[in-house]
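To start, the structure itself, in structure tokens.
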Amino acid sequence: MSDNLEINKREYPSNFSKTAIVICLDGSQKEYLEEASKSNLTPNLDKLIASGENLLVHSAIPSFTNPNNISIVTGQPSSVHGICGNFFYTPETGEEVMMNDPKYMRAPTIFEKFYNSGSKIALVTAKDKLRTLLGNGLSFDDERAICFSAEKSDQATKDLNGIDNVNDWLGMPVPEVYSEGLSEFVMAAGVKLLEEFKPNIMYLSTTDYIQHKYAPGNETANKFYAMFDKYIGLLNKENVSIIITADHGMKPKSKEDGSPNAIFLQDYLDKKFEPNMAKVILPITDPYVVHHGSLGSFATIYLEDKSRVDSVVNAIKEIKDIEVVLTKDEGCSTYNLPPDRMGDIICMSSEFMTIGSSEDKHNLSGLNEPLRSHGGLHEREVPFISNLKLQNLDTSKQLYNYDAFYYAINGAL
């Protein structure tokens with residue numbers, strides 16, 4: 001199914017009087033919130049929804065963290081802003097690099113635009129991999145911008161982040177990166193920034209460690225959403241417009257015995273053709289692989305011999321649980337991806353399957369729970385919750401998570 005997008009050319013009003021807050025609740029599909037609500041663990045969120053909106057929208061494809069966070073903060077798909085994964089490959093140089101450097105961005109953030117017009121901006125992210133991208137274009141020398149990560153909160157400085165001594169200020173130590181505490185740190189910082197810094201625009205981005213490990217309704221998952229609910233109660237004030245969305249959902253991707261359900265596509269192609277004729281790249285790859293082992297539901301494939309694209313496409317179509325196989329042109333057109341950062345073939349797996357490269361390249365030792373992961377079409381449906389009734393909502397068009405700031409800012413008028 002095509003995203004069938006029109007590139008977002010909306011005008012953002014500059015005369016809003018409330019604080020506009022967008023929260024990216026990483027890895028959260030609707031079932032997490034529904035199950036916690038059934039157990040009466042989210043009274044603040046339930047109250048917020050009753051007075052506002054509770055919608056379902058699409059994420060950008062691939063349904064990974066970096067492309068969706070950057071889509072949310074630019075209001076654009078990857079074809080415009082250029083960040084199409086956590087990781088990408090450059091055939092000309094043979095380099096495989098992380099997409100966490102602002103030099104890879106091709107569009108300004110909403111924060112940069114509003115900062116340049118005089119607004120105060122506050123950004124807090126769980127993992128540091130997003131911090132430099134989110135803060136691109138901001139200056140920290142005039143006390144109008146703050147941007148830091150929970151992961152490296154102890155390293156924040158006035159010059160680089162607009163704030164120092166974060167842990168003393170918040171009264172919380174640096175949290176473990178693989179913990180619920182990383183997300184709680186983000187939410188607690190958001191509450192304190194709202195009270196003391198009083199930003200015009202604030203973005204809070206959590207981590208999906210809990211969602212990778214625990215299904216909706218699980219006691220640990222419910223505890224996470226109860227924690228989140230506590231902070232929503234503190235953020236949902238009269239002078240605040242809030243949109244809560246997610247970068248992607250999460251689905252179980254394991255066999256009955258608990259082992260990962262994966263197609264190792266590099267191994268398959270090496271056997272089907274000759275070794276190294278194709279290069280499989282997994283854009284889920286990042287430094288934080290303990291909870292997913294670099295197994296996601298999206299892959300792109302580079303071929304040195306472009307004349308073999310059709311034969312490789314046909315070979316991949318023989319694999320039962322790879323349900324989307326498109327050429328670069330087809331895939332980029334359908335899902336609004338930048339062609340120069342995609343391989344010759346784009347693949348997505350079925351709902352409960354992941355795609356790996358070579359089996360011996362995946363370190364799965366950290367998977368002490370059955371694998372849950374994301375990246376494809378089945379993890380693209382995410383919540384879009386507002387504490388206010390949305391005005392001028394166009395229900396004739398597909399709504400996306402990267403419409404969040406448009407509606408948060410309009411709700412702040």
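Here are the numbers for the structure shown:
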| quantity | calculated |
| --- | --- |
| Top-ranked residue in segment 209-223 [being buried (at least 24 other Cβ atoms within 10 Å of the Cβ) and at pLDDT 95 or above; ranked as farthest from the chain's Cα centre (by Cα)] | I210 |
| Subset of segment 385-413 [in contact with a Lys or Arg (Cβ under 7 Å, 6 or more places away or on another chain) and either closer than 15 Å to A60 by Cα or not aromatic (F, W, Y) (or both)] | A412 |
| Failed criterion for K255 (all others in (1) outside the structural domain of N314 (by TED's automatic domain parsing); (2) within 17 Å of G375 (Cβ to Cβ) hold) | (2) |
| Positions within segment 135-149 being part of a loop (DSSP other than H, G, I, E, B) and within 22 Å of the chain's Cα centre (by Cα), in sequence order | G135, N136, G137, L138 |
| Pairs with Cβ under 8 Å, 6+ apart, first in segment 295-314 and within 18 Å of G376 (Cα to Cα) and assigned by TED's automatic domain parsing to the domain that holds G85, second aliphatic (A, V, I, L, M) and surrounded by fewer than 18 Cβ atoms within 10 Å (Cβ to Cβ) | none |
| Selection count where residues are touching a residue at least 12 places away in the same chain (Cβ under 8 Å), assigned to a loop (DSSP other than H, G, I, E, B) and under 15 Å from R131 (Cα atoms), scope segment 157-172 | 2 |
| Spans of strands (runs of 3 or more DSSP E) in segment 320-403 with at least 3 residues within 22 Å of the chain's Cα centre (by Cα) and touching a residue at least 12 places away in the same chain (Cβ under 8 Å) | 345-349, 354-356, 381-386 |
| Flag for K192 being among the basic types (K, R) and either outside the structural domain of K38 (by TED's automatic domain parsing) or closer than 19 Å to S297 by Cβ (or both) | no |
| Residue among K113, K127 that is in the same structural domain as G190 (by TED's automatic domain parsing) and more than 17 Å from the chain's Cα centre (by Cα) | K113 |
| Matching entry among S254, S205 (being farther than 23 Å from A60 by Cα and not β-branched (V, I, T)) | S254 |
| Which numbered condition S349 fails, given (1) surrounded by fewer than 19 Cβ atoms within 10 Å (Cβ to Cβ); (2) closer than 19 Å to N68 by Cβ; (3) small (G, A, S) | (1) |
| Subset of segment 173-213 (residues that are in a loop (DSSP other than H, G, I, E, B), of a type in the set (D, E, K, R) and within 25 Å of T109 (Cβ to Cβ)) | K198, D208 |
| Residue count for segment 224-271, restricted to those that are over 23 Å from Y406 (Cβ atoms) and surrounded by 15 or more Cβ atoms within 10 Å (Cβ to Cβ) | 25 |
| Boolean, I163 is touching a Gly at 6+ places or on another chain (Cβ under 6 Å) and modelled with pLDDT of 95 or more | no |
| Qualifying residue in segment 275-282 (condition: at positive phi and free of Cβ contacts under 8 Å to residues at least 40 places away in the same chain) | yes |
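The values are calculated or read from the model by the stated rules, or taken from the named source; none is laboratory data. Predicted model only: the values in this text are computed from it and were never measured. Virtual Cβ from ideal backbone geometry, glycine too; neighbours counted across all protein chains shown.
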